[in-house]
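Written below as structure tokens is the structure these notes are about.
Since every read-out is calculated from the coordinates, none of them should be taken as a lab result. Just so we're clear, the structure is a prediction, and the values are computed from it rather than from any experiment. Glycine also receives a Cβ, built like all others from the backbone with ideal geometry; neighbour counts cover every protein chain displayed.
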Amino acid sequence: MVDMIEKSSDIKGKPLKLKELIDYQEGSVVSRTIIDKKAGTVTLFAFAEGEGLSEHTAPFDAMVIDIEGEANVSVAGVDHKLDSGDVIIMPANKPHALRALTKFKMILVMIKAK
């Protein structure tokens with residue numbers, strides 16, 4: 001397993017197991033930023049079962065990639081169930097929320113508009 005204390009710069013240029021870059025914490029949402037640039041971010045999240053992100057909007061499209069577990073993602077009031085391997089793009093300025101149905105790990109990719 002990759003040492004969780006490693007900084008993102010320490011993980012560049014080598015193969016990694018996404019699921020091992022972040023651990024679950026009971027009753028919590030854990031995040032780890034992998035890339036943070038002016039052009040956008042890539043962040044890993046680990047959600048304990050039942051945890052989530054409350055409804056909000058973002059000024060950029062955001063792509064969620066489910067790497068483990070199941071979650072409900074609401075986009076503009078429409079619910080979508082994600083399973084491992086699924087992807088959903090949440091449009092900019094549309095309200096969205098997320099709730100883990102099981103322990104759930106995801107990648108969030110945000111590319112900022114010019």
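May I ask you to sort GLU68, GLU51, GLU26 by Cβ crowding, counting other Cβ atoms within 10 Å and putting the fewest first?
Going from sparsest to densest Cβ surroundings: GLU26, GLU68, GLU51.
Give me the percent relative contact order of the chain, please, defined on Cα pairs under 8 angstrom at least 6 residues apart.
The normalised contact order for the chain reaches 29 percent.
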